[in-house]
Amino acid sequence: MMKIRLTDLLMFLLLLVGWTSQKAVAQSINLTLKYNTSSSVYEVYGRPTFTNVKFGIGAGSQISIVVPASVPDNALTITAVNGGPWSDGSRIYAPTADPAHDFHGIATTGDYASLTSGQELLLFTFNIAGGCMPGIRLFENSTDPSSNAAGMGGGDFANYLGDAVGFGTDVYGSNYVSPGGLCGTPPTLAITGPSGTQTSTSPTVSGTATPGSVVSITGPNNATLCSTTATAGGSFSCVVSVTTGPATVTVTASNASGTTTATTSFTAVPAPTLAVTPTAPGPLTQPVSGTTTPGDLIAITDPTGATLCSTTASANGTFACTVTLPPGSSTLTVASTGPGGTTAVALPVTAVLQPTVGITGPSGTQTSTSPTVSGTATPGSVVTITGPNNATLCSTTATAGGTFSCVVSVPTGPVTVTATATNFGGTVSSTTSFTALSTPVIAINPTVPGPLTQPISGTTTPGSVVTITGPGGITACSTTASANGSFSCSITVPTGPTTYTVTTSGPGGTTTVPVTTTGVAAPTLAINGPSNTQTSTSPTVSGTATPGSVVSITGPGNATLCSTTATAGGSFSCTVSVATGPATLTVTASNPGGTATSTTSFTAAGAPTVAVNPPVPGPITQPIAGTATPGSVVTITGPGNTTLCSTTASASGAFSCSVTLPTGPTSITVTTTGPGGTTSVPLTVTAVAAPTVAINGPATGSQTSTSPTVSGTATPGSQVTITGPGNATLCSTTATAGGSFSCVVSVATGPVTVTVTAANAGGTVTATTSFVAAATAQLSMRVLLQGALTNSTTAGRMRDDLRSKNLIPTTEPYTALGFAQAGGGGGEAISSPATVLAVTGANAIVDWIFVELRSAANPAQVLATRSALLQADGDIVGVDGVSALNFTSNVLNNVATCYVAVRHRNHLGVMTASPVSTSALSSVDFTNAATAYQLPVGNALRTTAPQAKESGYYALWAGNTLADNQIVLQGPDNDADPVFFDILSDTGNTAGFTNFIRNNVYSGNDIDMDGRVIFQGPNNEIDYIFFNALNHPDNVKAYANFIIKQQLP
């Protein structure tokens, strides 16, 4: 259960005078906890590995005390001795991760301490009622619960000692136990077993020890075999693993008061080996055998645990034991037991009863030579049927229902067969006798297509009954074969193919033969056309006729003009060639059922002619003209056979018809139709639509440079001309295949109107846009941020933690933070976030930066602002993540030079020492100390250090959490309070921990720009404010209330 309450707010008060630095290499401070019996208080000491007579213990340093959960849930009363005002500000009671303990985070706001290598220094004391209590100890960073453990409430209780000189470098080393332990009495220890006996290789080492002491068991080569804690009753037990043979283990009991050791010796014997011979299904009584360790006891038990057999393995390790089993499958357990333990093996076994068998047929009757022998037998048994001379006729397996059935082949005459059933339980047999007769034979005379009534004839066994059945099993005819075996039976068949079954039956069985007959009806015939009309000289003669009948068409002089077959749907169609003039044709349909004839008469005329004038590209609506047979109908069709136009050729044969087409080439067909038929001419017509044009930019009313890009959309391939004032041509280009255009033009400063004209074969269209052209300043800039530069693994390159954690906003944050915008600044957004924020290395984006152009005459006046992106190497680039920063603003018109200032949301800003040119690409490098501006001599706010020097590089001062013009450690409007209250007000900090960590945030309180806000503990933000204030070159007396002033007018 978690129970915590922050009772005392940590007051950030530190008054320090005088400061020197003596920093050792690889220095650390180790901690120990003691109990002072004379004053009845617990004492926390630090023992350094280095000497520093004025070592700065950083603000936020923390030493955590772990106490048993039985101690009352109150804050510890702390008496600070060295290292600052220590207080119990963070507590967690019986967390889920360790319900047996409470955790107290004792933190300090920092102070100097005189350290001597190897000598203990008392840091603070506390007392708990009841005298020295075993189990009170220091927090172990490597084993005690972390901040994300269950029930820890997000609090980080890790021991941390910040180095004031090293910007919070953690110098905490480890914990050590003082001689004699915490309370002075080492634990008791006694081993109860094993001792002097044979055991397994996994024996249980047990005994008694002081309750709560840590019991560690080691074996040969001091290898740790087990670690446990003595119970409240003072006992311990641990299963260890040792090698076979003599073994000695050492048991050590430890607590805060010391260590006690005892040993025990024994002989470890391996567990017995056991190999059981697999069994096959067998009778109810069968042996179980195998090998094991000689002399071991073998016990065989059934699934209920009942012992079926037991024996002792022979001197060579073999064993055999006979068991009696119930029918069916079961799993036995074979166990071998010896000094080294017990080894058990599961043995599947199957016991089978002797089978039964009985024949149900045939018996004492006449059958065919392929009778079915059937009967009953034990399910799963193999049934073998043998005949004369013991020949195997069939082998099958009895079904789960206990039946079998098998078709056998026997010679004609008396026959005796034997059915034998076999399984793992044995074999039994049964016999039956019968007389076998051969099946009748049959031969059908071939059939040919014929009338609807026709005979089926052939030969079969004399006297057998012949039955003819048709579809659906309907009997069509039945007769008896004559003495010579012949038969004939007339049936009535439907038209078309029909399959019948001819069956001959006798004592020897039945023989069946399929036969197919084809009944053919006399054909029908009807002519649909042409008839009494005008047609072409190649008319199509069509009509209906009996499906499959042969249709023959003859003309004058009985000349055959066409021959075809009526379709399955009963239709026919045939194109014939006749002379112009009156014509009579005869159509004849024939099939095996007969012949039908019909005639038709008509007049044949010649096909019309057509000639189309060649088309040329033109408007969407244009005429199609030409000549055709006078009076013929001219139809123009387009894609999808859509009719575009229809007209009639004049008496002179001329025609003209207007069509409306889509833009581009279109395939059309001109068709002329008359009594003599149809003539078609294909051709392609190209229609061109009037172009379209739209201007995308510059937008009307916008502000641009004097070399803006005019872009937009226009009909692909159209000629685009851009004109400006005085109708002067500024640019001419062609719209792309994608329908876009883009052109950089040159205009004078001030209001400008440009006209964009798009022209093609379809016409001309225009569009205009008006904007204000302004002067442009382009800057190549470099600046470093102290917060992101600290702890970087690459010299001179800032960390990009905010980018790697996807915390950088895609739109500038400065407008929302209250930064004043000017000259068109504000609202900048990353042009392609997925691409820009994917870049790593020197060009990785660190954060947004705020750039100001200030008047050369009055640097306090801001002319224009832009939010830009800052790369890891310090380059300031535009929102595309690559380009130099551009300022385009009419306020820069006629401005030749200006000051450049760079500001950040939690760093102090900086400005160029002198104005820079706005007419060409200017380079501004704030990593050069000479670049930065200082307020004039005599100004109370002037400082000798407008920038911090971090890792040898000049960078903006970090720690301006209030985003004002100063960094304050102590006093009104200090920059530590926002961090403190940010931690306490976080909704996830339900316990009110001051050592709570806000993760994955984009916040001005994240001074080191790693995506976290930390008030107390390792990597805290306060160290930056603390050390920047104390280490500032102008703070010669190291005042904690020193104010770092921003050097901007």
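The values are calculated or read from the model by the stated rules, or taken from the named source; none is laboratory data. Computed from a predicted structure; not experimentally measured. So basically every Cβ, Gly included, is an ideal-geometry build from the backbone, and we count neighbours across all protein chains shown.
Being within 26 Å of residue 205 (Cβ to Cβ), at pLDDT below 90 and part of a loop (DSSP other than H, G, I, E, B), is that true of even one residue in region 321-337? No - not one qualifying residue is present in region 321-337. Taken over region 642-663, the criterion of being without any contact (Cβ under 8 Å) to a residue 24 or more places away in the chain and under 30 Å from residue 737 (Cα atoms) is satisfied by 642 alone. The single residue among 945, 963, 958 that is buried (at least 21 other Cβ atoms within 10 Å of the Cβ) and outside the structural domain of residue 846 (by TED's automatic domain parsing) turns out to be 958. Screening residue 823 with (1) of a type outside the set (A, V, I, L, M, F, W, C); (2) out of contact with any helix residue (DSSP H, G or I) (no Cβ under 8 Å at 6 or more places or on another chain); (3) not in a strand (DSSP E or B) gives one miss only, at (2). Of all residues in region 275-296, none that is part of a strand (DSSP E or B) has its Cβ atom under 8 Å from the Cβ atom of a residue that is among the charged types (D, E, K, R) and exposed (fewer than 13 other Cβ atoms within 10 Å of the Cβ), 6 or more apart or on another chain.
Within the set 995, 1000, 1005, 1020, the sole residue that is in contact with a Gly (Cβ under 7 Å, 6 or more places away or on another chain) and more than 20 Å from residue 170 (Cα to Cα) turns out to be 1000. Scanning region 845-874 for residues that are crowded, with 20+ Cβ neighbours inside 10 Å, more than 20 Å from residue 915 (Cβ to Cβ) and out of contact with any Leu (no Cβ under 6 Å at 6 or more places or on another chain) yields a total of 6.
Scanning region 924-942 for residues that are touching a Pro at 6+ places or on another chain (Cβ under 6 Å) and over 20 Å from residue 853 (Cα atoms) yields a count of 0. Considered as a group, the residues in region 182-240 that are in a loop (DSSP other than H, G, I, E, B), touching a strand residue (DSSP E or B) at 6+ places or on another chain (Cβ under 7 Å) and among the polar types (S, T, N, Q) include one that is nearest to residue 44 (Cα to Cα), and that residue is 213.
Evaluate the following for residue 71: is it modelled with pLDDT of 90 or more, surrounded by fewer than 23 Cβ atoms within 10 Å (Cβ to Cβ), assigned to a loop (DSSP other than H, G, I, E, B) and at negative phi? So residue 71 passes the test.
For region 79-92, filtered to residues that are part of a strand (DSSP E or B) and buried (at least 22 other Cβ atoms within 10 Å of the Cβ), the residue that is nearest to the chain's Cα centre (by Cα) is 92.
Let's see how each residue does on (1) surrounded by fewer than 15 Cβ atoms within 10 Å (Cβ to Cβ); (2) at positive phi; (3) among the aliphatic types (A, V, I, L, M):
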| residue | (1), (2), (3) |
| --- | --- |
| 208 | no, no, no |
| 211 | no, no, no |
| 215 | no, no, yes |
| 224 | yes, no, no |
| 233 | yes, no, no |
| 241 | yes, no, no |
| 244 | yes, no, no |
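The residue of region 457-492 that is farthest from the chain's Cα centre (by Cα), among those that are outside any strand (DSSP E or B) and hydrophobic (A, V, I, L, M, F, W, C), is 483. Residues that are outside any loop (DSSP other than H, G, I, E, B) and of a type outside the set (D, E, K, R) within region 972-987 comprise 978, 979, 980, 981, 983, 984, 985, listed in sequence order.
If you go through region 446-486 and keep only what is under 15 Å from residue 511 (Cα atoms), crowded, with 16+ Cβ neighbours inside 10 Å and not polar (S, T, N, Q), you end up with 458, 465, 466, 468, 481, 485. Among residues of region 1028-1046 that are free of Cβ contacts under 8 Å to residues at least 12 places away in the same chain, those with a beta-carbon under 7 Å from a residue that is of a type outside the set (D, E, K, R) at least six positions away or on a different chain give the pairs 1035/1029; 1035/1042. Among the residues of region 397-440, which ones are without any contact (Cβ under 8 Å) to a residue 60 or more places away in the chain and under 30 Å from residue 280 (Cβ atoms)? Those that are without any contact (Cβ under 8 Å) to a residue 60 or more places away in the chain and under 30 Å from residue 280 (Cβ atoms): 397, 398, 399, 400, 401, 402, 403, 404, 405, 406, 418. Mind checking which residues of region 690-734 are aliphatic (A, V, I, L, M) and buried (at least 17 other Cβ atoms within 10 Å of the Cβ)? Scanning region 690-734 gives 690, 693, 695, 710, 714, 720, 722, 730.
Scanning region 802-811 for residues that are outside any loop (DSSP other than H, G, I, E, B) and surrounded by 17 or more Cβ atoms within 10 Å (Cβ to Cβ) yields 802, 803. Taking the criterion of being crowded, with 16+ Cβ neighbours inside 10 Å and among the polar types (S, T, N, Q), the residues of region 543-563 that qualify are 544, 546, 549, 552, 554.
Residue check: is residue 135 under 24 Å from residue 187 (Cβ atoms) and touching a Pro at 6+ places or on another chain (Cβ under 8 Å)? Spelling it out, residue 135 is indeed under 24 Å from residue 187 (Cβ atoms) and touching a Pro at 6+ places or on another chain (Cβ under 8 Å).
The residue list 924, 937, 910 contains one member that is among the β-branched types (Val, Ile, Thr), part of a loop (DSSP other than H, G, I, E, B) and out of contact with any His (no Cβ under 8 Å at 6 or more places or on another chain), which is 937. Taking residue 196 as the residue in question, decide whether it is under 30 Å from residue 74 (Cβ atoms), modelled with pLDDT under 85 and touching a Ser or Thr at 6+ places or on another chain (Cβ under 9 Å). The answer is no for residue 196. Of the set (1) in a strand (DSSP E or B); (2) at pLDDT 95 or above; (3) farther than 15 Å from residue 1033 by Cα, all apply to residue 955 but (3).
Scanning region 278-298 for residues that are modelled with pLDDT of 90 or more, surrounded by 12 or more Cβ atoms within 10 Å (Cβ to Cβ) and touching a Leu at 6+ places or on another chain (Cβ under 9 Å) yields a count of 5.
Screening 611, 568, 625 for residues that are within 60 Å of the chain's Cα centre (by Cα) and either part of a loop (DSSP other than H, G, I, E, B) or under 30 Å from residue 681 (Cα atoms) (or both) leaves exactly one candidate, 568. Checked against (1) over 22 Å from residue 947 (Cβ atoms); (2) under 36 Å from the mean Cα position of the chain (by Cα); (3) surrounded by 15 or more Cβ atoms within 10 Å (Cβ to Cβ), residue 788 meets all criteria but (1).
The sole residue among 847, 801, 880 that is among the charged types (D, E, K, R) and touching a strand residue (DSSP E or B) at 6+ places or on another chain (Cβ under 8 Å) is 847.
Restricting the search to strands (runs of 3 or more DSSP E) fully inside region 642-754 and requiring at least 1 residues that are of a type in the set (Gly, Ala, Ser) and closer than 30 Å to residue 778 by Cβ gives 693-697, 709-714, 729-734, 740-744.
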